[in-house]
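One structure is given here, and the rest of the page talks about it.
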Amino acid sequence: MTTTAPARDVPTRRVRFEYPLDGLPKDFAGDPVLSRVLMVLSSVFPDGEDYFVRSVRHFRHEVTDPELAEQVKGFIGQESIHGREHRAFNDKLAELGYPTKKIERFIERSLGFRERVQSPKANLATTAALEHFTAVFAEQILTSEEARDALAHDEVRSLFLWHALEESEHKAVAFDVYHHVGGREWVRRLVMNVITTGLVVGASVAVAAMLVLDPRARRDPRGALRELGASPFFTKGMWTRLRDYNRRGFHPDDVDTTELVERWRDELFGDDGTLRSRVS
Ligand SMILES: [Fe+2]
Ligand SMILES: [Fe+2]
């Protein structure tokens with residue numbers, strides 16, 4: 001099956017972030033629980049994004065639509081730089097005593113295993129599904145001031161904002177490639193259900209561990225759960241958006257983020273953009 005992709009600008013920006021010489025604070029996101037959640041997320045990104053790139057690159061030669069082929073090029077460029085910058089951030093977090101390198105190695109091994117046992121098309125479906133997770137997370141950062149404020153450290157906020165903008169720019173690329181090469185709708189939805197179940201189980205284990213291991217949470221487990229539930233990164237709206245992927249006929253462009261993307265392109269990389277000087 002071939003489809004024609006709508007025009008989308010997916011530029012590769014060679015951005016570099018720098019962290020203060022006197023080090024990052026351990027609770028770089030202000031709140032200790034959120035700092036740990038973001039630490040895990042950042043540790044998953046580099047090898048996760050390498051996997052996304054390999055999954056899409058595998059089908060590159062089958063992409064006959066020149067517009068989509070151009071977007072694939074941009075997707076590979078963007079994800080490669082995300083991986084590089086999150087790896088650099090993870091090195092800094094490791095210096096603070098976080099187990100980022102262990103998590104990176106675990107993700108590398110699990111995704112390597114997945115690639116050995118799954119078909120290339122199932123890997124592409126996995127990538128399309130995980131790209132929906134990142135797109136929903138990105139939208140939350142770009143739309144919610146509360147979420148941005150929660151990322152207390154300036155450089156960390158910039159890192160996540162830049163990443164969020166580019167996830168929104170390329171949110172439909174892996175999905176469109178999947179359909180372009182004849183990926184089936186029922187497999188797409190099944191893969192999402194399997195991934196969601198795995199992540200819900202994983203998140204529940206992480207929360208239970210936090211309640212047992214964190215002395216603050218042990219003293220006041222109800223308060224810790226309330227705090228987590230009130231986080232701008234765990235909202236009911238985000239859950240509804242995530243589950244929307246399972247609707248028959250869903251497409252990432254069903255939620256139009258064009259204006260949002262334009263606003264942040266201008267704020268970050270426009271003439272007076274705050275990150276303009278970071279691009280080499
Ligand atoms: Fe990314
Ligand atoms: Fe992505």
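The values are calculated or read from the model by the stated rules, or taken from the named source; none is laboratory data. Only a predicted model underlies this, so the values are computations on that prediction, with no experimental measurement involved. Neighbour counts run over all protein chains shown; Cβ positions are idealised from the backbone, glycine included. When the accessible area is computed, the model is the full protein with side chains, heavy atoms only, and any ligands, DNA or RNA have been set aside. Shrake-Rupley method; radii C 1.70, N 1.55, O 1.52, S 1.80 Å.
For this structure, a couple of remarks:
- Of all lysines in the structure, the ones whose alpha carbon falls short of 29 Å from that of LYS92, not counting any fewer than 8 places away in one chain, are LYS26, LYS101, LYS102, LYS171.
- Longest stretch of the chain clear of exposed loop sites (trypsin sites (Lys or Arg not before Pro), DSSP loop, at most 13 other Cβ atoms within 10 Å, sites excluded): 27-183.
- Nearest-20 debye value, the chain charge dipole, Cβ charges on Lys, Arg, Asp, Glu: 1340 debye
- Placing R0 at 30 angstrom, the Cβ-Cβ distance between GLU62 and GLU267 gives a FRET efficiency of 0.25 after rounding to 0.05.
- 0 to 90° range, to nearest 10: angle between helix 32-57 axis and the chain longest Cα axis: 20 degrees
- In the range 213-259, chymotrypsin sites (Phe, Trp or Tyr not before Pro) in a DSSP loop with at most 14 other beta-carbon atoms within 10 Å: PHE234
- What the range 40-127 shows is 45 Å² of accessible area per residue, with the surface traced by a 1.4 Å probe over protein heavy atoms.
- Residues of the range 29-50 with an amide N closer than 19 Å to a point placed 7 Å from the Cα of ARG226 along the Cα-to-Cβ direction: 31-34.
- In the range 32-271, the portion of solvent-accessible area held by carbon and sulfur atoms comes to 58 percent [1.4 Å probe, whole percent, DNA, RNA and ligands not counted].
- Options ILE195, LEU275, ALA138, ranked by Cα towards positive dipole end of the chain, top entry (Cβ charges): ILE195
- Summarising the label geometry, the points placed 7 Å from Cα in the beta-carbon direction at SER277 and LEU211 lie 4.8 nm from one another.
- By a 1.4 Å probe calculation restricted to protein chains, ASP256 has an accessible surface near 120 Å², given to the nearest 10.
- The angle between the Cα long axis of helix 154-169 and the longest principal axis of the Cα atoms of the chain comes to about 20 degrees, rounded to the nearest 10.
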